[in-house]
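Engineer: Dropping a structure here in structure tokens format, bear with me for questions.
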Amino acid sequence: MTYILYARRGWGSAITEAALTLTGLPFALSGARGEPGKGIPPLKEINPLGQWPTLICPDGAVMTESAAILFHLDDVAPKAGLVPGKRAKERRAFLRWLQVIVGAVYPTFTYADYPGRFVSSKAARKELVENSAARRKEIWLDVESAIEPNPWVLGTRFSGLDIYVKVMSHWGPRRTWFAAHCPKLYSAAKAAEAIPALVPVWKRNYGR
Ligand SMILES: N[C@@H](CCC(=O)N[C@@H](CS)C(=O)NCC(=O)O)C(=O)O
């Protein structure tokens, strides 16, 4: 039995695809919306939020939420180094930045990608998109000013944060902005990009 990851190229499933790859656990990708003909249910049936990543575990349990999945994968395959252990000095910074990314940065995409879910008028939608994008930049700049990658977000220790930063550097405000305004985050993204085992994952999701 393998894990089945609902995947959409370049989207949040890329975070989990990269993490799974580093664990060495067997997994298969399922088309974005599930493949009922192959016994894989439509995404919405198992995740009412209809979001990627969504993961079916080998025992049939469904997991959603990229950070929860990251912790689960670390439970099963700690050698992949996705999460600093309970006694690691980097643990607190890891928890902090992970929560900032999933709790503060990620929702800006939820609002900006689907403004019509939250407000109805054209003007309000435009404002929500613009303000979400501006807020996202502010948050990234705050993170940038607090970290000292060497080459990883947590310094000399790789973690799942590097995967998030690599994937999210492809999303708005995109890579040229990161390179110009957040060179430290950008360097961590580039380090994650160069992990040999992940090169095929990045190629599949981002074409390079
Ligand atoms: N909190 C979730 C956010 C996942 C998320 O927003 N995924 C986006 C793709 S990057 C999505 O599926 N959006 C579709 C939607 O919200 O309808 C996580 O960390 O996994």
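The values are calculated or read from the model by the stated rules, or taken from the named source; none is laboratory data. Bear in mind the structure is a predicted one, so any value in this text is a computation, not a measurement. Here the Cβ is made from the backbone with ideal geometry for all residues, glycine too, and neighbour counts use every protein chain on show. These area figures cover heavy atoms from the full protein model, side chains too; ligands, DNA and RNA do not enter into them. Shrake-Rupley method; radii C 1.70, N 1.55, O 1.52, S 1.80 Å.
Engineer: Here are some conditions: (1) assigned to a helix (DSSP H, G or I); (2) free of Cβ contacts under 8 Å to residues at least 24 places away in the same chain; (3) of a type outside the set (Gly, Ala, Ser); (4) surrounded by fewer than 17 Cβ atoms within 10 Å (Cβ to Cβ). VAL119 meets all but one. Which one does it not meet?
Structural biologist: (1)
Engineer: Could you check, for the range 42-63, whether at least one of its residues is away from the ligand (no atom under 15 Å from the Cβ), assigned to a helix (DSSP H, G or I) and either open to solvent by 40 Å² or more (accessible area, probe 1.4 Å) or over 23 Å from ILE101 (Cβ atoms) (or both)?
Structural biologist: Within the range 42-63 (the criterion being away from the ligand (no atom under 15 Å from the Cβ), assigned to a helix (DSSP H, G or I) and either open to solvent by 40 Å² or more (accessible area, probe 1.4 Å) or over 23 Å from ILE101 (Cβ atoms) (or both)), the answer is no, since none of the residues qualifies.
Engineer: If you don't mind, another one. Could you please find all residues in the range 122-159 being hydrophobic (A, V, I, L, M, F, W, C), open to solvent by 70 Å² or more (accessible area, probe 1.4 Å) and over 17 Å from HIS181 (Cβ atoms)?
Structural biologist: ALA123
Engineer: I would also like to ask the following. Based on what the data block shows, is PHE118 modelled with pLDDT of 95 or more and under 17 Å from the mean Cα position of the chain (by Cα)?
Structural biologist: The answer is no for PHE118.
Engineer: Let me ask something additional. Among the listed residues ALA112, ALA68, ALA88, identify the single one that is on the phi < 0 side of the Ramachandran plot, open to solvent by less than 40 Å² (accessible area, probe 1.4 Å) and in a helix (DSSP H, G or I).
Structural biologist: Matching residue, one of ALA112, ALA68, ALA88: ALA112.
Engineer: Here is a further query. Give the number of residues within the range 34-78 that are out of contact with any strand residue (DSSP E or B) (no Cβ under 7 Å at 6 or more places or on another chain) and either more than 19 Å from THR110 (Cα to Cα) or free of Cβ contacts under 8 Å to residues at least 12 places away in the same chain (or both).
Structural biologist: Result for the range 34-78: 23.
Engineer: Related question: Which of the residues spanning the range 71-85 are assigned to a helix (DSSP H, G or I) and either more than 16 Å from the ligand (Cβ to nearest atom) or not charged (D, E, K, R) (or both)?
Structural biologist: PHE71, HIS72, LEU73, ASP75, VAL76, PRO78, LYS79, ALA80
Engineer: Filter the range 25-41 for residues that are modelled with pLDDT of 95 or more and open to solvent by 50 Å² or more (accessible area, probe 1.4 Å) and give the result.
Structural biologist: Within the range 25-41, PRO26, PHE27, LEU29 meet the criteria.
Engineer: Only one residue in ALA133, ALA179, ALA104, ALA112 is among the aliphatic types (A, V, I, L, M) and either over 30 Å from GLY50 (Cα atoms) or more than 16 Å from the ligand (Cβ to nearest atom) (or both), so which one is that?
Structural biologist: Only one candidate passes the filter, namely ALA179.
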